[in-house]
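Presented below is the structure to which this report refers.
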Amino acid sequence: MTSNNRTGMFTAILAAALAGLLLSCSGSVAPSGMPEVAFALQQIDAAKASSGNENLSVSFALDEGRLGGQEYSISVDAGEVRIAGGDARGLMYGGFEAAEQLELNGAVEASSGKPFLERRGVKFNIPLDARTPSYDDSGDAAQKNIAEMWNWEFWEEYLDTMALNRYNTLTLWNPHPFPSMIKLPDYPEVALDDVYVTTLEPVGEENEWGDPQLVTSNVMASLERVKEISIDEKIAFWQRVMRHAKERGIDIYYITWNICPNSVAQPVPPYYKTFGINLKDEKPGKHGVTHAIDNPITVDYHRKAVKTFLLTYPDIKGLGATAGEHMPQSWAGVNREEWLWNTYGLGILDAKKEQPGRKVDFIHRVWHSDMDQMMEYWGDYPDTFEASFKYARARLYSTPEPPFATEHIEQMRQYGLKSWWNLRNDDIFVYRWGDPDYVRQFLRFLDKDATAGYYVGSDGYVWGREFISKNPELAGELEAKKHWYRFMLWGRLGYDDSLDEAFFTKRLQARYPDTDASALYKTWQTASKIIPAVNRFHWRNWDAEFSVEACIARPKLGGYREVTEFVHNPTLEGSGVLNPAEYAKARTDGTPIEGKTPLDVVNEIRELAKLSIDGAAALRREGAGEELKTLLGDIDAMAHLGQYYAGKIHAAVEVALYRQTEDRQHQSAALAHLEQALEDWKEYARISELHYKPQMLARTNRLDWTALTEEAERDIQIVNDM
């Protein structure tokens, strides 16, 4: 036996003995120095009490020689449960598994687990302050959650929920977090005390708060303090949050856009748009900092901010950055990658000089970036360097096999890189979604050889606390708790892709004990197929181009998506689905129709909607809990939304045929379909407004079901006037 093996065995035996000893005293104390195991023991103690197994003996042991990182093995001998793990995370996940078995089955059986995908994360746009906002804080979700970002109870619950769902990465996205999080001796005016929101209420006009990522003068002139807190207290707060994340096996990354020195440079004017160009005639901000790529003060400030940020927060796993919209490709002889290296790259190296053992992972977003130029500067980065790519554009809920990453993967292979997959949900904000097969298929489709990890989130929404529920029992809960099933699916299936219908049915039964869990599983899954079917048919790449829950785009991009726009709009690349214009032309030309027709899509959506409505009706019971009643309402809402789109697509087919033939029968048929679609929209609005308040969506416009009914009526007038 080698010395290393002997040491590993001794460590395992010692840990097991210590765990057993402490467990016999209180049942909820972990081996010294293992807060991950302490948290797992809390779950086991609760499950023992609820299952009537208070006397069950559980022990933990490290087994680094046999098990890899995050792996666990559970054995049961004469009623004693022994949990071995390859590391602290493995022990924690093994403890979670034992607790879950007790909860669902009343006993623990031998089992094992190891990660299907090594890194499973959340993309969280974090609005730290109106002065240091997240990507686009003009939506209600951001403004309602600014104060929550400084609430310890929020982060404790959120990080615990992440860990229980097997997430091990939290990426926090903010264009410029530094003023709200650090003190810089060379730039003393930068640090911000207190927390502010803006009293402005957006009306949905294009760039009324300027470009996303930047702070405008009208916001800065309309500030309201919501929390009194010094910069020193802020630093202590975030150090505590990051330490708690570490104790839950969660790596923290901060990811920025550039160049966005919010609250340091002068705010931009309202309605300002700068894409790939510098601000002209910009006056210097604090200490002479500007947005300009060729300003040496701006470079020095960012470099020192990065260094100080890392030294202030030793538990940060890494940083990420974007060579983004507010950086010209080159300006005054400086290109994007050179600027990024001279600020983030050299700032990281400066921190590592003071902490020689420190490792800082770096994620370089591939957005307005040239891979060859990127690697010219970052090719010799000393620690882990990985890319990040918008894997499904902004449409996570469209297809489990997105076609967009092939070229990116080929480019990475030249440099031996791997990519974080940015899984952008800018589709579903309101309704509870749940299709395990979709998530499993999606994650299995990832090219594992090219995968560094994945993170799920949005650009147009802040997933903090919910703020639209009309039900007092549900109002104000974490979005991760409201959408607990969806949140669980992306974490649990990322760790174990073999979890099947039987497992999820048990989870549903535990959550909703007074319902038919098997029927709920099928009905919920059926309803969850509707929005992806609509997205595949009416394909719109980016967040501002389409809100499927409201049938709108940003006003400058057309606003309400009227029926005529469904005639020519492309379908998802590679889906084999014809749009109405293509279908009508083939039909009238007499050419063979190849692929899936719009009417096939109509029939598919209508069948899904009918099954969902019937299934939800069968599940309703007197005395059902408020969450289950609201969930069934969400299923009904998605079904009637589907019926609305089915009618609208069918009408678009008739409009296309009318344009080809000038046969008024097609116009009449289109009107009939739109009149039925209007009734479905009204029912969708009625159900939604039973449960939810309207809200402003940052990337599109206001989601107000009653107000949008007028738009659905306008579709009828448009066709009537043809």
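Residue check: is I235 in the same structural domain as Y167 (by TED's automatic domain parsing), within 30 Å of W155 (Cβ to Cβ) and either free of Cβ contacts under 8 Å to residues at least 60 places away in the same chain or out of contact with any Cys (no Cβ under 7 Å at 6 or more places or on another chain) (or both)? The answer is yes for I235. Taking the range 56-152 and the strands (runs of 3 or more DSSP E) fully enclosed by it, the elements with 2 or more residues that are hydroxyl-bearing (S, T, Y) and in contact (Cβ under 8 Å) with a residue 12 or more places away in the chain are at 57-62, 72-77, 111-113.
Exactly one residue out of S498, S518 is over 23 Å from E466 (Cβ atoms), in contact with a Ser or Thr (Cβ under 8 Å, 6 or more places away or on another chain) and not charged (D, E, K, R), and it is S518.
Within the range 342-357, residues that are among the hydroxyl-bearing types (S, T, Y) reach partners that are surrounded by 17 or more Cβ atoms within 10 Å (Cβ to Cβ) with beta carbons closer than 6 Å, at six or more positions or on different chains, in the pairs T343/V299; T343/H302; T343/R303; Y344/V306; Y344/A321.
The single condition among (1) modelled with pLDDT of 50 or more; (2) assigned to a helix (DSSP H, G or I); (3) among the polar types (S, T, N, Q) that S32 does not satisfy is (2). Within the range 498-557, if we keep just the residues that are outside any helix (DSSP H, G or I) and charged (D, E, K, R), the residue that is farthest from E683 (Cα to Cα) turns out to be D500. Does S668 satisfy being free of Cβ contacts under 8 Å to residues at least 24 places away in the same chain and either small (G, A, S) or touching a Gly at 6+ places or on another chain (Cβ under 7 Å) (or both)? So S668 fits the description; yes.
Of the set (1) surrounded by fewer than 22 Cβ atoms within 10 Å (Cβ to Cβ); (2) under 29 Å from E325 (Cβ atoms); (3) at pLDDT 95 or above, all apply to E201 but (3).
I need a count of the residues in the range 383-430 that are in a loop (DSSP other than H, G, I, E, B), within 16 Å of W542 (Cα to Cα) and aromatic (F, W, Y).
Taking the range 383-430 first, the residues in a loop (DSSP other than H, G, I, E, B) are 383-384, 396-405, 414-418, 426-430.
With within 16 Å of W542 (Cα to Cα) added as a condition, the list becomes 396-399, 402-405, 426-429.
Okay, now just the ones that are also aromatic (F, W, Y), so 397, 404, 429.
Counting residues in the range 383-430 that are in a loop (DSSP other than H, G, I, E, B), within 16 Å of W542 (Cα to Cα) and aromatic (F, W, Y) gives 3.
Right, G249: surrounded by fewer than 18 Cβ atoms within 10 Å (Cβ to Cβ) and in contact with a helix residue (DSSP H, G or I) (Cβ under 6 Å, 6 or more places away or on another chain) or not?
Details: surrounded by fewer than 18 Cβ atoms within 10 Å (Cβ to Cβ): no; in contact with a helix residue (DSSP H, G or I) (Cβ under 6 Å, 6 or more places away or on another chain): yes.
Answer is no for this residue.
The set of residues from the range 575-618 being of a type in the set (K, R) and part of a helix (DSSP H, G or I) comprises K585, R587, R606, K610. Residue count for the range 466-524 under the criterion of being of a type in the set (G, A, S) and farther than 24 Å from D140 by Cα: the result is 8. Scanning the range 364-377 for residues that are surrounded by fewer than 19 Cβ atoms within 10 Å (Cβ to Cβ) and either of a type in the set (F, W, Y) or in a helix (DSSP H, G or I) (or both) gives W367, M371, D372, Q373, E376, Y377. Contact map, the range 672-691: residues that are in contact (Cβ under 8 Å) with a residue 40 or more places away in the chain paired with residues that are of a type in the set (S, T, N, Q), Cβ distance under 7 Å, separation 6+ or inter-chain. Pairs shown: D680/Q643; W681/T709; H691/S469; H691/N471; H691/T630.
Taking R225 as the residue in question, decide whether it is among the charged types (D, E, K, R) and in contact (Cβ under 8 Å) with a residue 40 or more places away in the chain. When the stated conditions are applied, R225 does not pass them.
Check the range 264-271 and report whether any residue there is within 30 Å of G491 (Cβ to Cβ), crowded, with 22+ Cβ neighbours inside 10 Å and either in contact with an Asp or Glu (Cβ under 7 Å, 6 or more places away or on another chain) or not hydroxyl-bearing (S, T, Y) (or both). No; the residues of the range 264-271 include none that is within 30 Å of G491 (Cβ to Cβ), crowded, with 22+ Cβ neighbours inside 10 Å and either in contact with an Asp or Glu (Cβ under 7 Å, 6 or more places away or on another chain) or not hydroxyl-bearing (S, T, Y) (or both). Restricting attention to the range 312-329, does a residue exist that is at pLDDT 90 or above and of a type in the set (S, T, N, Q)? Scanning the range 312-329 turns up at least one residue that is at pLDDT 90 or above and of a type in the set (S, T, N, Q). Somewhere in the range 543-557, is a residue surrounded by fewer than 20 Cβ atoms within 10 Å (Cβ to Cβ) and of a type in the set (S, T, N, Q)? The answer is no, given that none of the residues of the range 543-557 is surrounded by fewer than 20 Cβ atoms within 10 Å (Cβ to Cβ) and of a type in the set (S, T, N, Q).
When the range 592-610 is filtered for residues that are out of contact with any Lys or Arg (no Cβ under 8 Å at 6 or more places or on another chain) and surrounded by fewer than 17 Cβ atoms within 10 Å (Cβ to Cβ), the ones remaining, listed by number, are P592, E594, G595, L599, D600, N603, E607, K610.
In the set S134, S138, S111, S180, which member is of a type in the set (G, A, S) and within 22 Å of D496 (Cβ to Cβ)?
Working: S134 fails: within 22 Å of D496 (Cβ to Cβ); S138 fails: within 22 Å of D496 (Cβ to Cβ); S180 fails: within 22 Å of D496 (Cβ to Cβ).
Only one candidate passes the filter, namely S111.
A single member of T290, T343 is of a type in the set (V, I, T), under 32 Å from the mean Cα position of the chain (by Cα) and either over 18 Å from T216 (Cα atoms) or crowded, with 22+ Cβ neighbours inside 10 Å (or both), and it is T343.
Only residues that are out of contact with any Phe, Trp or Tyr (no Cβ under 6 Å at 6 or more places or on another chain), part of a loop (DSSP other than H, G, I, E, B) and over 20 Å from T161 (Cα atoms) were counted across the range 436-469, and they come to 3. Considering the range 210-238, the residues that are within 19 Å of W173 (Cβ to Cβ) and among the charged types (D, E, K, R) include one that is surrounded by the fewest Cβ atoms within 10 Å (Cβ to Cβ), namely D211. Filtered by the rule that a residue be among the aliphatic types (A, V, I, L, M), surrounded by 19 or more Cβ atoms within 10 Å (Cβ to Cβ) and under 24 Å from K482 (Cβ atoms), the range 677-696 gives A685, I687, M696.
Between L631, L657, L599, the distinction of being outside the structural domain of P472 (by TED's automatic domain parsing) and in contact with a Ser or Thr (Cβ under 9 Å, 6 or more places away or on another chain) belongs to L657 only. When the range 648-668 is limited to residues that are buried (at least 19 other Cβ atoms within 10 Å of the Cβ) and among the small types (G, A, S), the one that is nearest to E565 (Cα to Cα) turns out to be A652. Considering the range 349-404 alone, what residues qualify as being at pLDDT below 95 and farther than 25 Å from I252 by Cβ? H368, D370, M371, D372, Q373 - these are the residues of the range 349-404 that are at pLDDT below 95 and farther than 25 Å from I252 by Cβ. For the range 627-646, name all the residues that are under 24 Å from the mean Cα position of the chain (by Cα), of a type in the set (G, A, S) and either more than 17 Å from D427 (Cα to Cα) or surrounded by fewer than 24 Cβ atoms within 10 Å (Cβ to Cβ) (or both). Correct list: G633 only.
The values are calculated or read from the model by the stated rules, or taken from the named source; none is laboratory data. Small disclaimer: the values here were computed from a predicted structure and weren't measured. Virtual Cβ from ideal backbone geometry, glycine too; neighbours counted across all protein chains shown.
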